[in-house]
Every structure is written in C-alpha cells, then in structure tokens.
Amino acid sequence: MHNASVSEPSKAFSLETERRIIRIQVLTLVWMTVEAVVSLGAAWMARSPALLGFGGDSAVELLSAAVVLWRFYSPSRGDHAERQAARIAGGLLFALAAFVALASILTLLGHVEPRPSFVGIVVLILAAVVMPWLATQKRRLSAATGSAALRADAAESTVCGYLALITLAGLAVNAIWGVKWADPTAAVALLPLIVREGWEAIKGKPCCDAC
C-alpha cells in the first residue's frame with residue numbers, strides 16, 4: 001500500500017492529491033488512446049499529414065501519461081523516480097517536436113494531397129476542448145507536488161490542444177481556400193514552445209503556483 005504522504009524536493013503531498021493525479025492520468029490514458037486511434041485512422045483514410053502529425057502527438061501524449069502514472073503509482077517512488085520520469089517526459093516532448101517538424105515538412109513539400117475528413121474534424125474539435133482542461137488540472141497538481149514530470153505532461157496536453165486548433169484551422173483553410181501551407185506553417189511556430197518545455201522538464205523544473 002502507498003504511504004499517506006510522499007516527500008518531494010521541497011513539497012509534501014497528501015494521499016488525496018496522489019489519488020487525484022492517478023485519476024487524471026487514467027482519464028488521460030483513456031482519452032489519448034481513443035484520440036490516437038481515431039486520428040491516425042482518419043489520417044490514413046484521408047492521407048492527411050496534418051492529421052498524421054496530430055495523431056503522432058496523441059501517441060506521444062499517451063506514452064507521457066503512462067510514464068507519469070507509473071511515477072506516482074510505483075511502490076519505489078522518490079526523488080530518483082521523479083527525475084527519471086521527468087527525463088522521459090522531457091525526451092518525449094523532443095520526440096513530439098521532431099514528429100511535428102517532419103509532418104510539417106512533408107505537407108509543405110506537397111508529397112501528399114490530403115482529402116477532407118469529417119471524423120478527423122470531430123476528434124479535433126473534441127481534443128480542442130478536452131486537452132486544455134486536462135492541462136489545467138495537471139499544472140495545478142504539478143504546482144501542488146513539485147513534480148517536473150507532471151509539468152512536462154501538462155505541457156504536452158497544452159501542446160496537444162494547440163495542435164488540435166491549428167490542425168482544425170489548417171484543414172478548414174485548405175478545404176475552403178486551398179491554402180495547403182497554412183497548417184504546417186502554424187505548426188512550425190509551435191516548435192520553440194515544445195522544445196522549451198522539454199528542456200525545462202529535463203532540468204527538473206516543476207510548475208509554479210501561477211502556472
């Protein structure tokens with residue numbers, strides 16, 4: 001059984017806080033599994049690099065949520081587990097940056113002609129609502145626990161929400177006006193944010209109370 005409190009690098013948090021973290025991570029795992037499967041399936045059917053990039057982001061977020069869940073659910077918790085989870089989550093953010101860059105380049109080079117995807121649009125709308133809410137909950141829990149791993153996971157949820165909006169806007173602009181470079185250009189603009197959050201996670205920086 002887990003102890004009632006766990007000592008962190010300057011924080012101590014209650015069993016109830018730990019349970020909240022586990023609940024939010026389980027919810028993230030369920031949603032990201034659905035999101036990844038549906039968006040990647042829609043990307044395959046529509047031959048959409050933008051949806052492929054979003055689906056890849058969903059898969060990275062799924063892995064990150066699993067890492068953070070392991071960190072708080074594992075019996076061998078502590079500073080070492082926190083640092084290891086933070087490094088893994090930060091590394092996944094760098095992987096996400098590479099994935100977004102690759103998908104954007106493929107779109108800009110015009111290697112694939114994407115087709116409209118109603119299913120893709122629906123999952124993007126849902127993600128644009130769900131992911132910011134998940135990110136807010138995780139930032140609060142990161143501030144409460146001093147967890148850099150949870151901060152990184154919150155950043156990935158935030159990025160996922162931004163990518164959902166950008167991909168949705170890009171699909172709409174492309175469908176209405178035929179501007180194929182709209183969404184990859186916007187996605188590239190997110191890369192500095194992703195890389196910065198990945199670096200902060202690897203350094204072990206948690207969210208502050210004002211995050």
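The values are calculated or read from the model by the stated rules, or taken from the named source; none is laboratory data. Everything numeric in this text was worked out from a predicted model, so none of it was measured. Don't worry about glycine lacking a Cβ; one is built from the backbone with ideal geometry, like all the others, and counts go over all protein chains shown. Protein only, heavy atoms only, side chains kept; ligands, DNA and RNA dropped before computing areas. Shrake-Rupley method; radii C 1.70, N 1.55, O 1.52, S 1.80 Å.
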> So is ILE105 closer than 17 Å to THR33 by Cα, open to solvent by 70 Å² or more (accessible area, probe 1.4 Å) and in a helix (DSSP H, G or I) or not?
Replying inline: no
> Under 8 Å by Cβ, and 6 or more places apart or on different chains, what pairs join a residue from segment 87-109 that is farther than 19 Å from THR158 by Cβ with one that is among the hydroxyl-bearing types (Ser, Thr, Tyr) and part of a helix (DSSP H, G or I)?
Replying inline: LEU108/THR185
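Tell me, yes or no, whether segment 154-170 has at least one residue that is open to solvent by 40 Å² or more (accessible area, probe 1.4 Å) and charged (D, E, K, R). Give the steps one after another, and end with the answer.
Just the residues of segment 154-170 that are open to solvent by 40 Å² or more (accessible area, probe 1.4 Å), to begin with: 162, 165, 168-169.
If we keep only those that are charged (D, E, K, R) too, we end up with none.
Within segment 154-170, not a single residue is open to solvent by 40 Å² or more (accessible area, probe 1.4 Å) and charged (D, E, K, R).
Which ones in segment 144-188 are free of Cβ contacts under 8 Å to residues at least 60 places away in the same chain and closer than 17 Å to LYS203 by Cβ? Lay out the reasoning, then the answer.
Of segment 144-188, the ones free of Cβ contacts under 8 Å to residues at least 60 places away in the same chain are 154, 158, 161-162, 165-166, 168-169, 172-173, 175-179, 182, 186.
Correct list: ALA154 only.
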> Which pairs do you get when a residue that is touching a residue at least 12 places away in the same chain (Cβ under 8 Å), found in segment 27-43, comes within reach of a residue that is of a type in the set (Asp, Glu) and crowded, with 22+ Cβ neighbours inside 10 Å, reach meaning Cβ atoms under 7 angstrom, with the pair 6+ apart or on two chains?
Replying inline: MET32/GLU61
> Condition test on THR17, is it closer than 17 Å to SER147 by Cα, modelled with pLDDT of 85 or more and open to solvent by 10 Å² or more (accessible area, probe 1.4 Å)?
Replying inline: yes
>> Against the conditions (1) open to solvent by less than 40 Å² (accessible area, probe 1.4 Å); (2) under 23 Å from ARG47 (Cα atoms), where does THR185 fall short? Just the number, please.
In response: (1)
> If we keep just the residues of segment 197-211 that are under 13 Å from GLY91 (Cβ atoms) and open to solvent by 70 Å² or more (accessible area, probe 1.4 Å), which is modelled with the lowest pLDDT?
Replying inline: LYS203
> What's the number of the condition ILE194 fails, among (1) over 23 Å from ALA101 (Cβ atoms); (2) surrounded by 18 or more Cβ atoms within 10 Å (Cβ to Cβ)?
Replying inline: (1)
>> Just the residues that are surrounded by 24 or more Cβ atoms within 10 Å (Cβ to Cβ) and part of a loop (DSSP other than H, G, I, E, B), please, taken from segment 37-61.
In response: SER48
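Quick check, is ARG140 modelled with pLDDT under 80, among the charged types (D, E, K, R), over 21 Å from ALA189 (Cα atoms) and surrounded by fewer than 19 Cβ atoms within 10 Å (Cβ to Cβ)? If you could, list the steps in order and put the result at the bottom.
Details: modelled with pLDDT under 80: no; among the charged types (D, E, K, R): yes; over 21 Å from ALA189 (Cα atoms): yes; surrounded by fewer than 19 Cβ atoms within 10 Å (Cβ to Cβ): yes.
When the stated conditions are applied, ARG140 does not pass them.
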